[in-house]
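The values are calculated or read from the model by the stated rules, or taken from the named source; none is laboratory data. All values derive from a computational prediction rather than experimental measurement. Cβ sites come from the backbone with ideal geometry, for glycine too, and all protein chains shown count toward neighbours.
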Amino acid sequence: MKQSRSLIVEDQESIREAYGQFLEQAGFLVCAAEGYDQAIPLIDSSLDIALLDIQLVGRSGLDILAYIREHQPGCPVIMMSGFADKENTIDALRQGAVEYLEKPVNPHELVHSVKHWLDFRALQQENQRLQDFQAIYQRLQQSETQIRKANERLNFLLTSTAAVIYASNISQDFATTFISDNVMRLCGYDAETFTSEPRFRLDCVHPEDLEHVCSELQRAVEQGSNRFEYRFQHKDGHYFWVGDEVRLAKDQHGQLEFLGFIADISEHKQNEEKITQMAYTDLLTGLPNRSLYYDRLKQAIAQARRSQTAMAVLFMDLDYFKPINDELGHEWGDKALIEVGRRLLGCIRETDTLARIGGDEFSIILGDIGSEQSACTLADKIIAVIQEPMILKESRYVLGISIGICVETHDYSDTETFMRLADAAMYQAKEMGRNRYCVFRGDAEGVVGGRDDELDLEKALRQAISNDELVVYYQPKVDLKHGLITGTHALLRWDRGDAGIVMPDQFLPLANRTGLIVAIGEWVLRHACRQNRTWQEAGLPIVPVSVNVTAEQLRHAGFKDLVMRILQQSRLDAGMLELEISEGDLMLHGAAVSQTMNELNALGVKITIDNFGSGFFSLQSLKSMAIHELKMNRSLVNQIGQESDSGQIANAIIAMGHILNHQVVAEGVETSDQLQFLRDHDSDGMLGYLSSPPLPADAIALQLKERKSMLDG
């Protein structure tokens with residue numbers, strides 16, 4: 001089938017290319033020009049339709065319209081403008097433009113208009129053929145020679161067109177009185193089958209379309225003509241789409257009848273479905289896009305009102321997604337988005353709607369929920385599912401997700417307000433630390449968090465930073481041979497006054513979830529460096545101080561610059577600072593933090609893997625990272641001497657660390673048997689209650705001043 005050739009004249013390149021892409025995907029042959037001079041050479045008899053922007057640089061689209069009307073008057077012209085210029089629009093229509101589209105033009109509307117006017121032009125051409133057929137038919141009785149010639153031309157017309165020409169009466173059964181032989185090519189039945197059985201043509205109509213067809217034929221009787229579409233059955237049983245155009249005419253006896261033609265439009269229908277899918281589907285994930293989502297949200301709100309049931313919207317934005325695009329490229333970023341879409345689909349019901357709104361934003365419509373808690377439960381499930389590591393380019397990456405929840409109330413019912421409130425709740429979740437959800441409840445507080453008790457604790461923790469309620473204890477690290485202090489480990493405590501001392505495992509998980517860990521980590525780092533410098537200025541033995549950091553801190557923009565600034569302000573040498581990151585954090589975020597670790601190592605800051613041996617950190621990763629020391633997991637140390645293989649594992653860790661030129665230190669040493677084991681296997685140091693518990697800074701200063709062994713009594 002010949003492709004229709006269309007011309008697009010638009011002086012904005014991005015718009016011109018976008019319109020061309022939509023038409024090409026719909027099956028049209030497209031040529032494009034940015035102005036009058038480029039367009040004129042493209043206008044010839046092969047042009048089927050033209051789309052002209054009224055406002056162009058230089059000569060306007062109206063000048064091109066005038067040229068087409070003069071040289072190719074049969075070519076339909078659609079005008080476009082983004083300025084809603086009524087005068088030019090009216091002028092264009094007066095000069096012969098068939099339609100006016102206001103920019104920005106919806107892709108579906110653009111393709112639909114082009115198809116409509118191409119179909120209309122085809123109908124005009126087929127009508128001309130039909131008129132020729134009538135003229136020939138009226139001259140059949142003039143002479144035998146004329147009849148023979150007319151029949152030859154008639155047969156040529158009937159066989160050269162893809163459309164099936166027919167005549168029928170206008171009674172209730174619309175019986176076929178004539179039909180061209182090429183009906184066999186259309187549906188597999190011969191012409192005699194249609195003319196010998198009065199209702200056969202209607203019997204081939206799809207049962208679901210029959211009422212529509214009869215109604216449209218009756219309308220044609222009243223109006224004189226009509227065009228409609230329906231499904232028609234082939235002889236082999238399958239249905240295909242046809243376009244049917246009829247008009248009233250008088251037969252040779254002066255009686256009214258229908259003259260019409262039927263054409264196969266299945267390909268056009270398929271193209272329409274593709275365009276519709278493109279208009280309403282996110283091409284990357286296959287999920288509904290923003291346009292379809294808003295349609296469904298409007299329906300869901302209306303349904304909730306009618307049925308007096310609750311519904312909610314979850315608006316979601318991914319956390320930590322940018323590093324994937326930056327490190328791996330957009331191809332792997334796209335794969336991550338596809339995986340996120342798959343995981344989110346696994347969290348919802350078939351009756352819910354999940355859509356990709358754009359970028360790394362997704363949204364869910366929950367219909368007929370029992371309560372607000374149902375939406376919160378789903379949010380918790382989503383957060384857990386998204387946090388599961390995904391393998392991208394042979395590395396493990398962990399994403400987070402911030403969720404805003406808005407539950408339908410009578411205070412607001414339009415889609416724009418609904419989405420604005422859910423979006424506001426999502427940004428509140430971001431501000432509260434990311435990877436959590438917040439609910440907009442429409443009360444005086446506006447956006448509120450997911451758990452009131454967590455909010456209270458978070459509020460108190462924020463105040464603790466400004467009220468100097470945080471304190472740092474220090475635990476000495478000692479060598480195993482002489483028991484002398486070789487370093488100190490800074491350990492955070494929260495002094496809540498009458499409520500007592502709060503240990504870090506009770507509040508640091510919350511600090512991680514809410515993002516407070518960044519501010520708290522900076523406070524501890526600054527405090528520890530300043531304290532170490534104070535000890536040095538007091539003439540005490542010079543030993544490094546180690547401070548725990550998280551992947552969240554290392555991933556934070558400018559962390560290396562922060563460390564440099566703190567070292568300069570405290571006048572502490574970089575070699576006197578050690579940063580400890582847990583093995584678990586490295587397993588999940590190693591690829592994302594490796595660059596920062598290398599930068600810190602280049603400054604002279606030493607890096608320690610804390611809690612080593614609790615997971616399955618690969619030897620290859622260990623070799624490639626800027627690591628100075630391994631701190632053995634206390635659970636392995638605690639089981640030394642018991643009936644287990646922990647002694648063998650501990651020995652293997654010490655040996656492996658030494659092979660890789662790393663120091664190996666044991667934490668949580670409490671018994672003489674554990675100490676002896678570590679000495680026998682050449683561990684480089686230890687921390688634990690056997691030597692000293694964590695103590696305030698002044699108590700550590702006394703230990704440093706005494707310069708005596710912390711072991712053997």
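For region 335-353, the count of residues that are among the hydroxyl-bearing types (Ser, Thr, Tyr), within 22 Å of residue 294 (Cα to Cα) and in contact with a strand residue (DSSP E or B) (Cβ under 8 Å, 6 or more places away or on another chain) is at least one.
The number of residues in region 204-213 that are touching a residue at least 24 places away in the same chain (Cβ under 8 Å) and buried (at least 17 other Cβ atoms within 10 Å of the Cβ) comes to 3. Taking the listed residues 300, 384, the one that is part of a helix (DSSP H, G or I), touching a Gly at 6+ places or on another chain (Cβ under 6 Å) and of a type outside the set (S, T, N, Q) is 300, with no other qualifying. Taken together, the criteria exclude residue 344 from residues that are in contact with a Cys (Cβ under 7 Å, 6 or more places away or on another chain) and under 24 Å from residue 436 (Cβ atoms). Here is the figure for region 682-713: residues that are over 23 Å from residue 533 (Cα atoms), outside the structural domain of residue 659 (by TED's automatic domain parsing) and hydrophobic (A, V, I, L, M, F, W, C) total 1.
In this entry, residue 380 passes the filter for residues that are surrounded by fewer than 17 Cβ atoms within 10 Å (Cβ to Cβ), in contact (Cβ under 8 Å) with a residue 12 or more places away in the chain and within 12 Å of residue 314 (Cα to Cα).
Under the condition of being surrounded by 13 or more Cβ atoms within 10 Å (Cβ to Cβ), in a loop (DSSP other than H, G, I, E, B) and without any contact (Cβ under 8 Å) to a residue 24 or more places away in the chain, the residues counted in region 676-713 number 1.
Taken over region 164-203, the residue count meeting the criterion of being modelled with pLDDT under 90, farther than 24 Å from residue 252 by Cα, of a type outside the set (Lys, Arg) and surrounded by fewer than 16 Cβ atoms within 10 Å (Cβ to Cβ) is 1.
Looking across region 24-46, the residues that are closer than 22 Å to residue 96 by Cβ, touching a strand residue (DSSP E or B) at 6+ places or on another chain (Cβ under 6 Å) and modelled with pLDDT under 90 come down to 28, 46.
Answer with yes or no whether residue 244 is without any contact (Cβ under 8 Å) to a residue 60 or more places away in the chain, under 41 Å from the mean Cα position of the chain (by Cα) and crowded, with 17+ Cβ neighbours inside 10 Å. Considered against the rule, which asks whether it is without any contact (Cβ under 8 Å) to a residue 60 or more places away in the chain, under 41 Å from the mean Cα position of the chain (by Cα) and crowded, with 17+ Cβ neighbours inside 10 Å, residue 244 comes out as no.
Each residue in region 358-375 was checked for being more than 20 Å from the chain's Cα centre (by Cα) and over 18 Å from residue 427 (Cβ atoms), and 8 of them qualify. Considering only residues that are surrounded by 14 or more Cβ atoms within 10 Å (Cβ to Cβ) and in a loop (DSSP other than H, G, I, E, B), look in region 387-406 and name the one that is modelled with the lowest pLDDT. In this case the residue turns out to be 398.
Within the set 230, 280, the sole residue that is surrounded by 15 or more Cβ atoms within 10 Å (Cβ to Cβ) and either assigned by TED's automatic domain parsing to the domain that holds residue 363 or more than 24 Å from residue 122 (Cβ to Cβ) (or both) turns out to be 280. If you go through region 521-550 and keep only what is over 33 Å from the mean Cα position of the chain (by Cα) and either of a type in the set (A, V, I, L, M) or more than 21 Å from residue 488 (Cα to Cα) (or both), you end up with 524, 525, 528, 538, 540, 542, 543, 545, 547. Within region 164-193, the set of residues being farther than 15 Å from residue 264 by Cα and among the aliphatic types (A, V, I, L, M) comprises 167, 170, 175, 179, 191. Can you give me the ranges of the helices (runs of 4 or more DSSP H) entirely in region 506-560 with at least 1 residues that are closer than 23 Å to residue 427 by Cβ and at pLDDT 85 or above? Correct list: 516-537.
Look at region 248-262: where a residue is assigned by TED's automatic domain parsing to the domain that holds residue 229 and a partner is of a type in the set (Asp, Glu) and modelled with pLDDT under 85, sitting 6+ places away or on another chain with Cβ atoms under 8 Å, you get 257/251; 261/126. Among the residues of region 64-83, which ones are in a helix (DSSP H, G or I) and either basic (Lys, Arg) or touching a residue at least 40 places away in the same chain (Cβ under 8 Å) (or both)? Within region 64-83, 64, 69 qualify. When the residues of region 91-110 are filtered to those that are assigned to a helix (DSSP H, G or I) and free of Cβ contacts under 8 Å to residues at least 24 places away in the same chain, the one that is surrounded by the fewest Cβ atoms within 10 Å (Cβ to Cβ) is 94. Collect the residues in region 361-382 that are modelled with pLDDT of 90 or more and in contact with a helix residue (DSSP H, G or I) (Cβ under 8 Å, 6 or more places away or on another chain), keeping them in residue-number order. Residues satisfying the conditions are 362, 363, 364, 365, 366, 382.
Condition check: of a type in the set (Lys, Arg) and either in a loop (DSSP other than H, G, I, E, B) or in contact with an Asp or Glu (Cβ under 6 Å, 6 or more places away or on another chain) (or both). Does residue 356 satisfy that? Here the answer is yes, as residue 356 does meet what is asked.
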